[in-house]
1. Give the residues of the stretch 126-165 that are more than 14 Å from the ligand (Cβ to nearest atom) and of a type in the set (G, A, S), sorted by residue number.
2. Is there a residue being part of a loop (DSSP other than H, G, I, E, B) and touching a helix residue (DSSP H, G or I) at 6+ places or on another chain (Cβ under 9 Å) anywhere in the stretch 244-254?
3. Of all helices (runs of 4 or more DSSP H) completely enclosed by the stretch 69-184, which ones contain at least 3 residues that are out of contact with any Gly (no Cβ under 8 Å at 6 or more places or on another chain), at pLDDT 95 or above and under 23 Å from D10 (Cα atoms)?
4. Going by what's in this entry, would G44 be described as in the same structural domain as D171 (by TED's automatic domain parsing) and in contact with a Cys (Cβ under 9 Å, 6 or more places away or on another chain)?
5. Among the residues of the stretch 37-45, is any assigned to a strand (DSSP E or B) and either hydroxyl-bearing (S, T, Y) or within 13 Å of the ligand (Cβ to nearest atom) (or both)?
6. List the residue pairs whose Cβ atoms are under 9 Å apart, where the first residue sits in the stretch 48-60 and is farther than 20 Å from G88 by Cα, the second is basic (K, R), and the two are 6 or more positions apart or on different chains.
7. I'm checking my understanding of the structure. Among residues of the stretch 68-89 that are within 16 Å of the ligand (Cβ to nearest atom) and closer than 19 Å to G119 by Cβ, which one is surrounded by the fewest Cβ atoms within 10 Å (Cβ to Cβ)?
8. Would you point out the residue of the stretch 46-60, among those that are outside any strand (DSSP E or B) and crowded, with 22+ Cβ neighbours inside 10 Å, that is farthest from the ligand (Cβ to nearest atom)?
Amino acid sequence: MPQPGGWRGDPVWLAEVLRAEGLDVVEFPGWRNRGHGDFKDIRGVMVHHTGSDTASAESIARGRPDLAGPLSQLHIARDGTVTVVAAGVAWHAGVGMYPWLPANMGNWHTIGIECANSGTSPTAPHRRNWPDAQYAALIGCCAAICRRLGVPATRTIGHKEYAGRAQGKWDPGGIDMDRLRRDVAARIGSVGGGPRPRPTVPVGEYAEVLLYRGSRGPQVAELQRRLKHAYAAYAGDLRIDGVYGPDTEAAVREFQRRTAGLKVDGVVGPATAAALRLRLVDPDPDAG
Ligand SMILES: [Zn+2]
């Protein structure tokens, strides 16, 4: 029963699609061949917490004595690192139901995302104990997958919505699923040629700065020069090549981590540029 949207076969495209979203992606060895058999048509995404802030991607790949891994396709660490663990079916959904899923068949129709998080409690407010980097990576993963499946953000559900009270499932704790879906919808719409959000905070001369993974040019080279020389303790080896790659992003994140008041997102917007005292480069000197 093919539906509009959805995907037939295993999602061997996961690493590529998540990287294209700008996420920090780690490929767990053997992920393409790991799984409990093949998917039916993939219809959406199911979000979980691991139950522990320190649960590793390896624990998701290997599973537990009572439940063989993989326990989900993706693992998101608290620093936002996304590990692709499996392309085949994983034991994450168990028994449950949801309008666009056949009863108890969630494992064969959804991609599971396990986030390293205690969940805090069933009544924790939205994003309690969810670091910015982890929440941002979760939004990015859900958006990238929904976009690839050709389905809307409403196809992102929580284990607690599927397995509900009957199963005693309350994960992901500290996540208001409606708010997550709104954030995913905004992210889906903001990529692929849509208008870029404009900075709303007045930050003087830096209002126009927006550099991120994939950016290129003299302003990126100036950013690298500044990081390399002023923050040599962690950016001393940075290559000044004018390409905003993983190393530049890592250095920016480290700078943000060490600077009070900055969001750790690896993106140089006005606030980060101002904190760096980045020298501004005329983007197009020939334009007069
Ligand atoms: Zn779960």
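The values are calculated or read from the model by the stated rules, or taken from the named source; none is laboratory data. For clarity, every value in this text was computed on a predicted model and none was experimentally measured. Cβ: placed from backbone, ideal geometry, glycine included. Neighbour counts: every protein chain shown.
1. Once the filter is applied, which keeps residues that are more than 14 Å from the ligand (Cβ to nearest atom) and of a type in the set (G, A, S), the stretch 126-165 yields A133, A136, A137, G140, A143, A144, G150, A153.
2. Yes: the stretch 244-254 contains one or more residues that are part of a loop (DSSP other than H, G, I, E, B) and touching a helix residue (DSSP H, G or I) at 6+ places or on another chain (Cβ under 9 Å).
3. 132-149
4. Spelling it out, G44 is indeed in the same structural domain as D171 (by TED's automatic domain parsing) and in contact with a Cys (Cβ under 9 Å, 6 or more places away or on another chain).
5. yes
6. Note: pairs meeting the criteria are D53/R78; T54/R78.
7. If we take residues in the stretch 68-89 being within 16 Å of the ligand (Cβ to nearest atom) and closer than 19 Å to G119 by Cβ, then L71 is surrounded by the fewest Cβ atoms within 10 Å (Cβ to Cβ).
8. A57
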